[in-house]
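Trainee: Got a structure for you, questions after.
The values are calculated or read from the model by the stated rules, or taken from the named source; none is laboratory data. In this text, all values refer to a predicted model and were calculated from it rather than measured experimentally. Here the Cβ positions follow ideal geometry from the backbone for every residue, glycine too, while neighbour counts run over all protein chains shown. With ligands, DNA and RNA removed, areas are computed over all heavy atoms of the protein, side chains included. Shrake-Rupley method; radii C 1.70, N 1.55, O 1.52, S 1.80 Å.
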Amino acid sequence: MDVRALRYFVAVAEEGSVHAGARRLLVAQPALSQAIRRLEREVGGAVFRRSHLGVELTVAGAALLEHARFIIGYLDGATEQVRETARERPEPCRPVLRVGLIEGRLAAAELTGTIMDAFRQEHPELRVRVRELNFTEQFDAVLNGTVDVAVVRPPYEHELLDVVPLFSEPSVLAVSVAHPLAAAPEVEVEQLLQRPMLEIIRAPRAWRDFWHLAELRNERSHSVPSAAVTLLQLQYDLLAGPALATVAASAWRMALEDPMLRAVPVPDAPRNAVGIGFRRHGARPEVRSFVATARRVAGELIDLVPGGRLLPEPA
C-alpha cells in the first residue's frame, strides 16, 4: 500500500473535501483524486461518500483511517528516531526513555515539571527524551513506538494501550467575550446543548466526543468542525467565531487565557482526567518506574492543581 496515498487519504478525511485536502498538502487536486481512486481499488471499495458538500467516510473508510494514522505515525516516528541518532555526538551508552507530553508542560497541569524532574533525579542512569504531542497523536505515539510512555488526557481505549490514571480536574467553557454566555458567573451543561460547539475533527472519536459533550447533545445542535490539533490553534478558532468549547481548567490557566476570551465555570460538566499511557505488553521497568513516580508526585502535590482530585489506580 502506497504511504503517500495514505497521507492523501488522511488529509481528505480530516479536511472533509478533496479540494481542502489538496490545498493542505500543496498538491494538485487531480493527482490527489487519482491517488484516492487507486487506494479504493486496492482496498476493494469506496472509502468516501461524495456529495456537493464534500466527502464523508464510509464504514470501510473509517476503519482505514485508524490504521492509516497508525502507519504514518509509526513511519514518521522511526524516521525521526533514526535522524536523532545520526545527529547525536558519541557518548557513553545509556538507556533512553522517550516520554511524550500532551501539549508539553500542560500535560499534567502544574505537576508536569515536578514529575519530570523527580524522575530524572531518581534515574540518572537514563537519558530522558521529551516529545511534545498534540491532540491527534498523543495515543498513537505510544502505540506506534514513537515514545515509550506518555502523559495523556483520556478518554481513549485500545486493546494494546494501558492508561494509569493520575488525577481529574474541572472543565470550563471557553468563549469569545462577545458570546452571550461570556458574562455569566457560571453555566450548566444544559445551557450548552443547544449551541454550536467546536468539534476537534482530527482527534480520536472517543476523545473528541468527550470534549464535544456528544453523549449529552444527541444531535440537538450543530457542530462547528475544527481542524485544530493544539491549544493555540483552538484559541484561534474560538477568537474567529461564535462557537464555544469545553476545555480543561488548567488549559485555560496555562495557555488559553486571552483578553478576547472568557472562561466560564461549568460545575456539572464531566471532569477531565490526566493519565500515563504505555503499551500493554512488554512495558520496560523504566516505564513502570515513570508511572510510579508520576503517581507519587500527584499524591503528594495534588493541592497545586486547583480543583484537582486524585484518581484510584486500577486494581
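Trainee: Quick one: count up the residues across the range 113-136 that are under 21 Å from A251 (Cα atoms), open to solvent by 20 Å² or more (accessible area, probe 1.4 Å) and assigned to a strand (DSSP E or B).
Mentor: Residues meeting the conditions: 3.
Trainee: Which one of E286, E313, E300 is at pLDDT 95 or above, surrounded by fewer than 15 Cβ atoms within 10 Å (Cβ to Cβ) and among the charged types (D, E, K, R)?
Mentor: Residue meeting the stated conditions: E300.
Trainee: Another question about this same structure. Spot the failing condition for L101; the list is (1) part of a strand (DSSP E or B); (2) at pLDDT below 90, and only one is missed.
Mentor: (2)
Trainee: Looking at the range 1-36, which of the residues that are of a type in the set (D, E, K, R) and part of a helix (DSSP H, G or I) is farthest from I71 (Cα to Cα)?
Mentor: R23
Trainee: Evaluate the range 82-93: report whether one residue or more is part of a helix (DSSP H, G or I), of a type outside the set (V, I, T) and surrounded by 12 or more Cβ atoms within 10 Å (Cβ to Cβ).
Mentor: yes
Trainee: If you don't mind, another one. Would it be correct to say that A245 is under 15 Å from P170 (Cβ atoms) and assigned to a strand (DSSP E or B)?
Mentor: Spelling it out, A245 is indeed under 15 Å from P170 (Cβ atoms) and assigned to a strand (DSSP E or B).
Trainee: Kindly indicate whether F139 is hydrophobic (A, V, I, L, M, F, W, C), under 14 Å from the mean Cα position of the chain (by Cα) and open to solvent by less than 10 Å² (accessible area, probe 1.4 Å).
Mentor: For F139, the condition - hydrophobic (A, V, I, L, M, F, W, C), under 14 Å from the mean Cα position of the chain (by Cα) and open to solvent by less than 10 Å² (accessible area, probe 1.4 Å) - is met.
Trainee: Now for a separate question. Is at least one residue of the range 19-26 of a type in the set (A, V, I, L, M), on the phi < 0 side of the Ramachandran plot, modelled with pLDDT of 85 or more and more than 23 Å from the chain's Cα centre (by Cα)?
Mentor: Yes, that holds for at least one residue.
Trainee: Residues of the range 143-162 being within 25 Å of R127 (Cα to Cα) and either among the aromatic types (F, W, Y) or open to solvent by 30 Å² or more (accessible area, probe 1.4 Å) (or both), which ones?
Mentor: Correct list: D162 only.
Trainee: Which one of P225, P165, P180, P185 is within 30 Å of V291 (Cβ to Cβ), open to solvent by 20 Å² or more (accessible area, probe 1.4 Å) and either at pLDDT 90 or above or not in a loop (DSSP other than H, G, I, E, B) (or both)?
Mentor: Just one listed residue meets the conditions, P165.
Trainee: Under 8 Å between Cβ atoms, which residue pairs at least 6 apart in sequence (or on different chains) link something in the range 289-315 that is within 25 Å of L97 (Cα to Cα) and outside any helix (DSSP H, G or I) with a partner that is among the charged types (D, E, K, R) and open to solvent by less than 70 Å² (accessible area, probe 1.4 Å)?
Mentor: That search, which allows pairs on different chains as well, returns E313/R295.
Trainee: Something else about it: Between a residue in the range 229-244 that is touching a residue at least 24 places away in the same chain (Cβ under 8 Å) and any residue that is assigned to a loop (DSSP other than H, G, I, E, B) and among the aromatic types (F, W, Y), which pairs come within a Cβ distance under 6 Å, given they are 6 or more apart or on different chains?
Mentor: These pairs meet every condition: V229/F135.
Trainee: Now a separate question. Is one or more of the residues making up the range 265-281 closer than 22 Å to V164 by Cα, open to solvent by less than 10 Å² (accessible area, probe 1.4 Å) and in a helix (DSSP H, G or I)?
Mentor: No: the range 265-281 contains no residue that is closer than 22 Å to V164 by Cα, open to solvent by less than 10 Å² (accessible area, probe 1.4 Å) and in a helix (DSSP H, G or I).
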